[in-house]
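Report on the following structure.
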Protein chains: 2
Amino acid sequence: MAGYHHGNLRDAILAAAATTIARDGIGALSLRAIAADLGVSHTAFRRHFGSREGVLNALAVQGNRLLAAELHAAAAGGEFIDVGVAYVRFALAHPAHFTVMFRSDLLDNRDPELVAARAEAFAPLREGVAAKKLDDPEAAEVTGWGVVHGIATLVLSGNLRPSGDVESLARRALSLIYPNP
Amino acid sequence: MAGYHHGNLRDAILAAAATTIARDGIGALSLRAIAADLGVSHTAFRRHFGSREGVLNALAVQGNRLLAAELHAAAAGGEFIDVGVAYVRFALAHPAHFTVMFRSDLLDNRDPELVAARAEAFAPLREGVAAKKLDDPEAAEVTGWGVVHGIATLVLSGNLRPSGDVESLARRALSLIYPNP
DNA sequence: CGCACGATCTTGACGGCGACAAGTAACCAC
DNA sequence: GTGGTTACTTGTCGCCGTCAAGATCGTGCG
């Protein structure tokens with residue numbers, strides 16, 4: 001029973017919120033229900049997050065950092081397409097985090113921690129495209145980001161049901177844009 | 001004043017809901033607030049939509065039909081890239097409808113009206129790509145849809161701020177995928 | 001050793017929300 | 001002009017997030 005007096009409540013809430021969102025969507029997220037599950041009062045989260053928005057912000061920060069790590073690792077291989085595939089893989093592996101990250105209407109977008117985490121996550125994407133030295137860098141960047149983001153959101157929202165593996169589909173899509181030498 | 005006894009309440013609710021969602025996001029949509037604005041009771045909408053989900057479903061159906069009309073018109077020109085550009089233009093012109101259309105977690109996806117409206121909207125996209133007879137049709141379709149959907153959602157969510165016109169950016173992006181003959 | 005203090009969590013209450021059941025008012029057919 | 005159907009209202013319920021105030025815990029200082 002260890003009591004939540006030693007720091008694990010914050011993480012427990014984030015983990016439970018992510019599970020709920022992944023299963024039932026963001027609209028079904030009830031902080032009161034999570035508190036009941038964890039055996040704490042319905043206002044316990046306020047000490048750690050301030051408000052519901054604070055919980056979502058924390059989730060978005062966590063997600064961006066995780067994404068940053070995965071994209072960075074993928075970029076190390078030198079193959080830019082791998083970065084795009086890693087983006088899609090992240091979205092499918094962490095659907096709740098990914099969803100929250102891009103729901104700006106539910107976040108405090110001025111939160112410096114969130115701003116920093118976002119910049120960190122997107123560096124590998126920007127750098128990867130820039131290194132390609134294409135004719136129209138802005139279009140190339142938007143196309144690359146757009147297609148992986150589009151595939152991820154469409155699959156996550158249930159609006160796209162690819163016949164096979166989503167990752168390999170993303171790889172084929174990216175190959176159309178950035179043909180292998 | 002005319003009294004809402006003759007059929008305009010349904011449309012008035014949909015229009016007010018779209019306005020609210022476009023301005024404050026879907027989370028800020030309160031049917032009670034809309035009812036107060038329109039001067040009707042907080043349950044008046046139930047006769048027409050049954051539930052909150054019903055309102056969103058009606059909005060999604062309306063949006064898909066509108067999208068179908070615009071994509072169909074764009075496809076008539078014979079240039080497939082125009083269909084993609086029209087998709088982005090629709091999203092920016094009708095942000096509330098576009099947002100709701102892809103929030104499957106808030107909709108009754110088995111609603112036959114919605115299923116039909118969706119099929120209608122996506123026919124021009126599918127047909128346009130199929131007509132191109134590319135090597136990997138599934139990848140080509142997902143790439144085209146993915147990139148326009150990705151650009152639209154990123155811009156709408158405030159996560160992408162293109163330097164110039166979004167439509168022309170979309171056109172440049174699509175040109176990378178489907179080079180002009 | 002004990003006590004004060006700060007961090008953590010609880011209690012209780014408030015207003016706003018969507019859903020529901022039951023009732024009323026307007027229109028339309030006859 | 002009356003009966004029935006359609007359109008809306010009233011009142012209530014439980015759940016939600018937020019807030020103010022208070023209880024508990026554990027750590028460090030005298």
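The values are calculated or read from the model by the stated rules, or taken from the named source; none is laboratory data. It should be emphasised that the depicted structure is a prediction, and the values quoted were computed from it without experimental measurement. All Cβ positions, even for glycine, are placed from backbone atoms using ideal geometry, and neighbour counts span all protein chains on display.
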(request) Return yes when A:Ala17 is surrounded by fewer than 15 Cβ atoms within 10 Å (Cβ to Cβ) and within 11 Å of DNA strand D (Cβ to nearest atom) and no when it is not. (result) no
(message) Pairs please, first residue from the range A:20-38 and of a type in the set (Gly, Ala, Ser), second anywhere and outside any helix (DSSP H, G or I) and within 12 Å of DNA strand C (Cβ to nearest atom), Cβ atoms under 7 Å, 6+ apart in sequence or on different chains.
(response) A:Ala35/A:Ser41; A:Ala35/A:His42; A:Ala35/A:Ala44
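Are any residues in the range B:122-139 more than 7 Å from chain A (Cβ to nearest Cβ) and either of a type in the set (A, V, I, L, M) or buried (at least 20 other Cβ atoms within 10 Å of the Cβ) (or both), and if so, which ones? Walk me through how you get there before you give the answer.
Step one: list which residues in the range B:122-139 are more than 7 Å from chain A (Cβ to nearest Cβ), which gives B:122-135, B:137.
Answer for the range B:122-139, where residues must be more than 7 Å from chain A (Cβ to nearest Cβ) and either of a type in the set (A, V, I, L, M) or buried (at least 20 other Cβ atoms within 10 Å of the Cβ) (or both): B:Ala123, B:Pro124, B:Leu125, B:Gly128, B:Val129, B:Ala130, B:Ala131, B:Leu134.
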(request) Check whether at least one residue in the range A:158-173 is touching a Leu at 6+ places or on another chain (Cβ under 8 Å), within 20 Å of B:Arg171 (Cα to Cα) and within 7 Å of chain B (Cβ to nearest Cβ), and report yes or no. (result) no
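Being within 14 Å of chain B (Cβ to nearest Cβ), within 16 Å of DNA strand D (Cβ to nearest atom) and not in a helix (DSSP H, G or I) is the requirement here; does A:Asp108 meet it?
yes
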(request) Those residues that are farther than 9 Å from A:Ala68 by Cα and either hydroxyl-bearing (Ser, Thr, Tyr) or in contact with a Gly (Cβ under 9 Å, 6 or more places away or on another chain) (or both), I need them from the range A:113-131; list them, please. (result) A:Leu125, A:Gly128, A:Val129
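Would you call A:Ser30 surrounded by fewer than 13 Cβ atoms within 10 Å (Cβ to Cβ), within 16 Å of DNA strand C (Cβ to nearest atom) and closer than 29 Å to B:Ala22 by Cβ? Explain how you work it out, then say what you get.
On the way: surrounded by fewer than 13 Cβ atoms within 10 Å (Cβ to Cβ): no; within 16 Å of DNA strand C (Cβ to nearest atom): yes; closer than 29 Å to B:Ala22 by Cβ: yes.
The answer is no for A:Ser30.
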(message) Which of the numbered conditions does A:Pro179 fail, given that it passes all the others? Conditions: (1) free of Cβ contacts under 8 Å to residues at least 24 places away in the same chain; (2) in a helix (DSSP H, G or I); (3) within 12 Å of chain B (Cβ to nearest Cβ); (4) surrounded by fewer than 21 Cβ atoms within 10 Å (Cβ to Cβ).
(response) (2)
(request) Could you tell me whether B:Gly27 is modelled with pLDDT under 95 and either within 12 Å of DNA strand D (Cβ to nearest atom) or more than 14 Å from chain A (Cβ to nearest Cβ) (or both)? (result) yes
(message) When the residues of the range A:74-121 are narrowed to those that are among the charged types (D, E, K, R) and free of Cβ contacts under 8 Å to residues at least 12 places away in the same chain, which ends up surrounded by the fewest Cβ atoms within 10 Å (Cβ to Cβ)?
(response) A:Arg110
(request) Determine which single condition B:Val83 fails, assuming it passes every other condition in (1) within 16 Å of DNA strand D (Cβ to nearest atom); (2) among the hydrophobic types (A, V, I, L, M, F, W, C); (3) farther than 23 Å from B:Gly158 by Cβ. (result) (1)
(message) So, restricting to helices (runs of 4 or more DSSP H) that lie completely within the range B:1-96, which ones have at least 3 residues that are within 24 Å of A:Gly27 (Cβ to Cβ)?
(response) B:8-24, B:31-38, B:45-49, B:52-75
(request) Determine whether the range B:116-132 contains at least one residue that is acidic (Asp, Glu), modelled with pLDDT under 95 and within 28 Å of A:Ala22 (Cβ to Cβ). (result) no
(message) Testing B:Ala60 on (1) among the aliphatic types (A, V, I, L, M); (2) away from DNA strand C (no atom under 16 Å from the Cβ); (3) under 27 Å from B:Ser157 (Cβ atoms), one condition comes back false. Which one is that?
(response) (2)
(message) With the structure loaded, tell me whether A:Leu38 is more than 10 Å from DNA strand D (Cβ to nearest atom), at pLDDT 95 or above and surrounded by fewer than 18 Cβ atoms within 10 Å (Cβ to Cβ) or whether it fails that test.
(response) yes
(message) Every residue in the range A:90-135 that is within 18 Å of A:Leu154 (Cβ to Cβ) and over 10 Å from the mean Cα position of the chain (by Cα), please.
(response) A:Arg103
(request) Return yes when B:Ser41 is more than 17 Å from B:Leu114 (Cβ to Cβ) and within 15 Å of DNA strand C (Cβ to nearest atom) and no when it is not. (result) yes
(message) All but one of (1) under 15 Å from A:Pro95 (Cα atoms); (2) away from chain B (no Cβ under 14 Å) hold for A:Thr20; state the number of the condition that does not hold.
(response) (2)
(request) Filter the range A:43-73 down to the residues that are of a type in the set (Lys, Arg) and without any contact (Cβ under 8 Å) to a residue 40 or more places away in the chain, then identify the one that is farthest from DNA strand D (Cβ to nearest atom). (result) A:Arg47
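When you go through B:Asp136, B:Asp105 one by one, which is the residue that is touching a Lys or Arg at 6+ places or on another chain (Cβ under 6 Å) and charged (D, E, K, R)? Even if it seems obvious, please write down each step before you answer.
Working: B:Asp105 fails: touching a Lys or Arg at 6+ places or on another chain (Cβ under 6 Å).
Going through B:Asp136, B:Asp105 in turn, just one is touching a Lys or Arg at 6+ places or on another chain (Cβ under 6 Å) and charged (D, E, K, R): B:Asp136.
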